[in-house]
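For reference, the structure is listed below as structure tokens.
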Amino acid sequence: MASGIQAYDVIVIGAGFSGMYMIKALRDKLGLKVLAYEAGEAVGGTWYWNRYPGARCDSDSYIYCFTWDKQLLQDWEWSERYPEQPEILRYLEQVAERHDLKRDIQFNTRVTGAEFDETDNLWHVHTDKGETATARYLIAAVGSLSETNLPQFKGLEKFQGKWCHTSRFPNGGINFTAKRVAVVGTGATAVQAIPEIAQQAKQLTVFQRTANYCVPARNGKVDPELINARKNDYDGVVKRIKESFFGFEYNFIPKSVLEVTSEEREREFDRMWDEGGFAFWLAYYQDMFFSQEANDLCADYIKRKIRKTVKDPVVAEKLIPKGHPYGTKRQPLDSNYYETFNKDNVVLVDANTDGPIEEITARGIRAGGKEYEFDIIIFATGFDAMTGPLKALHVKGRGGRKLGELWADGPHTYLGISIAGFPNFFTITGPQSPSVLSNMPVSIEQHVEWIADCIDMMSKTGKATIEATPEAQEQWGAHVNEIVNGTLMPRANSWYMSANIAGKPRAFLPYLGPEGVGGYRRKCDEVAAKDYEGFTLA
Ligand code: NAP
């Protein structure tokens, strides 16, 4: 090896939930030499970068954590039903300390490229610090929603106030007191941030392109008896979430909404609405994702709630979702979101009725021919989801083939974990895996454990490379698309469908398996049990 080039068994990119567990699994269980590169200055990934006001996980805290550290499951006390960003960061810091992970993480270092060298069967990985290192295996633990989408608004460079994207919020926050603030976007992030910013700002103007269906989060303290009951039954909880559809303790109601009486339907709606959280989305009648008629009944219930909550009927009408079925975009959870539009200092500018954003000016935003003046603009415009973070790594596989070129028309993977022509390269919660359609830690742990077992098998059998076959990859892609095309999901211009960004080729990004994360886990295990069916081992 040329001097100055460090050699590792495995290089992991990213030190969020997935990178951290990957280090643990490879180093402490398999005894491998591992290095993780992390662009941030600390662990946390998503929770390191997304520091906007109101940032909070939409999964219940008792299942938004690692399940492999059983002692920590017992010891850690979450303060509320949904963990807030600083609390999740503290939790991950604690995990890093307990397992001494930081000694194998190089912080403040971004991977700028990596290529597979067919002469030595090693990955050569380059960083923005000018270093190159080699590894037998390369693992992308870069998260699904880490590549910021800042739309190319004309004139942004002219704006004389302050602006910021929610995923790059300054550490220490922004003081909105006495300021005129704009928030662009009304996705899950904006729905969390808007009520918080509205409490501080002199005036808040929200620019909405598509109205969303929001359901109540119902955050708050959790009953200590329930906390204890869960702690006493953590093995049961973990088993249930692993076998479930979405990685939560939710199941669909196993009948059609069309076959129940309107009284029963209304009772169930009320129950889920009162329960709060993803129950409404993920524990609804089973035909909600498949039948427009069933879906309309659910959508109508939420529309009635919006009209009841928002006092000004003109504003309420703007907030009523139109043109996409309920549940086909990521469900935002509402903590005073709709109520915020009753405040005197809050204005809603809707692209459909008031006109779209035309440009950013020196003083603010021009939309629908009118200029609005601001001191601060917050872009809550989301991410180049799933494929974006992987393309940004500039990886090259066999023959110098660039991932970005291979994916010019959307992702091509086998199981969302491997890519044909990219030997010994794995993607944790990659495109075409359940990932963002699940409670993330559940899917992360499944991928990490599968990859670690695979690498263990490789060393025990003395194999040098493993890669997906093009045929298995093609079949998997066809399967992913066939399933989603049988649902209502393609009817929305969502980021799931790659439709949030102009020019991004339309493709469904995650995997909505017929049996959810439980079925997907069984499929991956079956592949491994059949000597890694669909892979070539050499
Ligand atoms: P998002 O859901 O993609 O929302 C972005 C918003 O910006 C949308 O309202 C979008 O409108 C708007 N927008 C994008 N480009 C625009 C343009 N050129 N002009 C005007 N408006 C534009 O992004 P996000 O709210 O950041 O959420 C992304 C994902 O992060 C969520 O879906 C969720 O998975 C995750 N998240 C998770 C949590 C959590 O609980 N852990 C919290 C927040 C977010 P359109 O709808 O028309 O595209």
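The values are calculated or read from the model by the stated rules, or taken from the named source; none is laboratory data. Owing to the predicted nature of the structure, the values given are computational and were not obtained by experimental measurement. Reconstructed Cβ throughout: ideal geometry from the backbone, glycine too, with neighbour counts over all protein chains shown. Quick note on the areas: whole protein, heavy atoms, side chains included, nothing else; ligands and nucleic acids left out. Shrake-Rupley method; radii C 1.70, N 1.55, O 1.52, S 1.80 Å.
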Completion exercise
Taking protein heavy atoms only, a 1.4 Å probe, and rounding to whole percent, the accessible area of the chain owed to carbon and sulfur comes out at 47 percent
Exercise for the section: With a Förster radius of 41 Å, plug the Cβ-Cβ distance of Q152 and R90 into 1/(1 + (r/R0)^6) and report the FRET value to the nearest 0.05. Expected result: 0.65
Handout entry: Point-charge dipole on Cβ atoms (K/R +1, D/E -1) for the range 1-131, about Cα centre, debye to 20
Key = 200 debye
Fill in the blank from the handout: When the charge dipole of the chain is computed with +1 at the Cβ of Lys and Arg and -1 at the Cβ of Asp and Glu, the Cα pointing farthest to the positive end, of L390, I23, G503, is that of G503
Problem - Segment W273-N108, extension gain: residue separation times 0.36 nm, minus the distance between their alpha carbons - result: 55.1 nm
Completion exercise
Once L35, L258, L297 are ranked on solvent-accessible area with the largest value leading and a 1.4 Å probe, the list reads L258, L297, L35
Exercise for the section: Using θ = phi - 60° and the Karplus relation 6.51 cos²θ - 1.76 cosθ + 1.60, list the HN-Hα couplings for the range 185-193 in order, rounded to whole Hz, with x at every Gly or Pro. Expected result: x, 9, x, 4, 5, 4, 5, 7, 7
Problem - Dipole magnitude of the range 431-509, debye to nearest 20 (Cβ charges: Lys/Arg +1, Asp/Glu -1, about Cα centre) - result: 360 debye
Exercise for the section: Write down, largest first, the equivalent ellipsoid semi-axes of the chain in whole Å, where each equals the square root of 5 times an eigenvalue of the alpha-carbon gyration tensor. Expected result: 38, 28, 23
Practice task
Compute the distribution of all C-alpha to C-alpha distances in the range 138-283, in bins of 5 Å from 0, and list the percent of pairs in each, rounded to whole numbers.
Solution key: 2, 6, 10, 13, 15, 14, 13, 12, 8, 5, 2, 0
Exercise for the section: Work from the charge dipole of the range 40-160 (Cβ charges, +1 for Lys and Arg, -1 for Asp and Glu, about the Cα centre) and give the residue of L138, Q152, N121 farthest towards its positive end. Expected result: Q152
Handout entry: Whole-number D in µm²/s for the range 427-527 (Stokes-Einstein; Kirkwood sum over Cα pairs; 4 °C, 1.567 mPa s)
Key = 87 µm²/s
Handout entry: Of all DSSP beta bridges in the range 1-149, antiparallel share, percent nearest 5
Key = 45 percent
Practice task
Compute the accessible area per residue over the chain, keeping the other protein chains in place, probe 1.4 Å, unit Å².
Solution key: 41 Å²
Exercise for the section: State, as an integer percentage, the relative contact order of the chain based on alpha-carbon contacts under 8 Å between residues 6 or more apart. Expected result: 19 percent
Exercise for the section: Pop the C-beta distance of D296 and E515 into the FRET formula with R0 = 22 Å and round what comes out to the nearest 0.05. Expected result: 0.25
Handout entry: C-alpha long axis of helix 470-485 to longest principal axis of the chain, angle in °
Key = 20 degrees
Practice task
Place a +1 charge on the Cβ of each Lys and Arg in the chain and a -1 charge on the Cβ of each Asp and Glu, then give the dipole magnitude about the Cα centre in debye, rounded to the nearest 20.
Solution key: 1140 debye
Fill in the blank from the handout: Projecting the Cα atoms of I357, I428, I483 onto the charge dipole of the chain, where Lys and Arg contribute +1 and Asp and Glu -1 at Cβ, the residue farthest towards the positive end is I357
Practice task
Kindly list the residues of the range 169-207 that lie in the label zone of E358, defined by a backbone N under 18 Å from the point 7 Å along the Cα-to-C-beta vector.
Solution key: 207
Practice task
Could you run the Karplus curve 6.51 cos²θ - 1.76 cosθ + 1.60 with θ = phi - 60° over the range 134-141 and give me ³J(HN,Hα) per residue in whole Hz, x for Gly and Pro?
Solution key: 10, 7, 5, 10, 10, 10, 8, 10
Handout entry: 0 to 90° range, to nearest 10: angle between helix 516-529 axis and the chain longest Cα axis
Key = 10 degrees
Practice task
Considering only protein heavy atoms, with the full assembly of protein chains and a 1.4 angstrom probe, order H412, H394 by accessible area, largest first.
Solution key: H394, H412
Completion exercise
Ordering 284-296, 11-23, 154-166 by per-residue average of other C-beta atoms within 10 angstrom, highest first, gives 11-23, 284-296, 154-166
Exercise for the section: Working from Cα positions, state the angle (0 to 90°, nearest 10) between the long axis of helix 85-98 and the longest principal axis of the chain. Expected result: 20 degrees
Fill in the blank from the handout: Expressed in angstrom and rounded, the centroid-to-centroid distance over alpha carbons for the range 359-404 and the range 426-504 is 24 Å
Practice task
Go ahead and estimate [θ] at 222 nm for the chain from helices alone: -39,500 (n - 2.57) per DSSP H run with n ≥ 4, summed, over the residue count, rounded to 500.
Solution key: -9500 deg cm²/dmol
Handout entry: Rh by Kirkwood over Cα pairs, then Stokes-Einstein D for the range 198-332 at 1.567 mPa s and 4 °C, µm²/s
Key = 76 µm²/s
Exercise for the section: Report I88's accessible area, 1.4 Å probe, all protein chains in place, as a number in Å² to the nearest 10. Expected result: 0 Å²
Fill in the blank from the handout: Distance in Å, no decimals, from the C-alpha centre of the range 291-314 to the one of the range 21-75 is 37 Å
Exercise for the section: Provide the gained length on full extension for the span S262 to R398, in nm with one decimal, where the gain is 0.36 nm per separating residue minus the Cα-Cα distance. Expected result: 43.1 nm
Practice task
Show me 69-82, 269-282 ranked by packing, highest mean number of other Cβ atoms within 10 Å first.
Solution key: 269-282, 69-82
Problem - Calculated over the range 1-155: convex hull of Cα atoms, volume per residue (Å³) - result: 144 Å³
Completion exercise
Here the gain from full extension of A178 to R304, 0.36 nm per residue of separation minus their alpha-carbon distance, amounts to 41.9 nm
Exercise for the section: Write down Rg/Rh for the range 332-408, rounded to two decimals, with Rg from the C-alpha atoms and Rh from the Kirkwood relation over Cα pairs. Expected result: 1.19
Problem - Rg followed by Dmax, in Å, when the range 6-61 is reduced to its Cα trace - result: 13.7, 42
Completion exercise
From most to least accessible, 1.4 Å probe, no ligand or DNA/RNA atoms counted, T205, T132 line up as T132, T205
Problem - Cβ crowding within 10 Å averaged over residues, with 454-465, 117-128 ranked highest first - result: 117-128, 454-465
Problem - Rounded to 5, percent antiparallel among DSSP beta bridges of the chain - result: 40 percent
